[in-house]
Amino acid sequence: MNNRIKNAILVNYLEEYSIEVGLKEVTIKGKKGTLLRFLKWLDHKSFNAKNCRAWTRELSKIGWKPISIKHEIRVIRATVKFLYDRKFLKENFASQVPYPKVPKKLLDIVPVETAEKIIIAGTTPGTGDGQLYYPESVNSFLDAATNYVLATNTLNNRVEAYSNTATALTFQANFGSP
């Protein structure tokens, strides 16, 4: 890689452009980490689409997750677009560096028994009308090694349960009124 391009990345893109567009310091620091890793790997190789793709394959080989690789590619593609727009590169090859396929997270399905426990944990029996009252409250209960913290809200008829795996489960229904 020639020093003109390296300087354009480290000075023009990271320092000047990032400040021009108002990026936060933590964002600039993250971009700098990505670009320094990339430049170290690139060493004396050409800065082109082929080597950018090779770098992403290398990240995959050493065990990086697809979502992390996607972040790195996002920074590289933005850098390529910047360098092309500012005439440091003759070709905009950003679109030739594909994002990896990131698997979608499957939703946790709450068993009926657990959903009933969640609803009952945040309620108190009503009087006379056979319905349950839902006070503003936070309760918790343990179900099959999963600790749920329950927050009930009468204002918008919402019950929110958070598991110890930080998964938010939301239920909404027409509740009885006090």
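Taking other Cβ atoms within 10 Å as a rough exposure proxy, Trp55, Trp64 sort from fewest to most as Trp64, Trp55. Extent along the principal axes, Cα only, for the range 3-96: 35, 30, 22 Å, with the longest axis given first.
By other beta-carbon atoms within 10 Å, ranking Ile9, Ile28 with the fewest at the front produces Ile28, Ile9. Fewest-first ordering of Thr56, Thr79, Thr27 by other beta carbons within 10 Å of each residue's beta carbon gives Thr27, Thr56, Thr79. Restricting the range 1-85 to trypsin sites (Lys or Arg not before Pro) that sit in a DSSP loop and have at most 13 other Cβ atoms within 10 Å of their own Cβ leaves Lys24, Lys45.
Taken together, the values in this text are just the output of simple stated rules run on the coordinates, not laboratory data. This structure is a prediction, so every number in the text was calculated from the model and none was measured. FYI the Cβ positions are ideal-geometry reconstructions off the backbone, even for glycines, and counts take in every protein chain you see.
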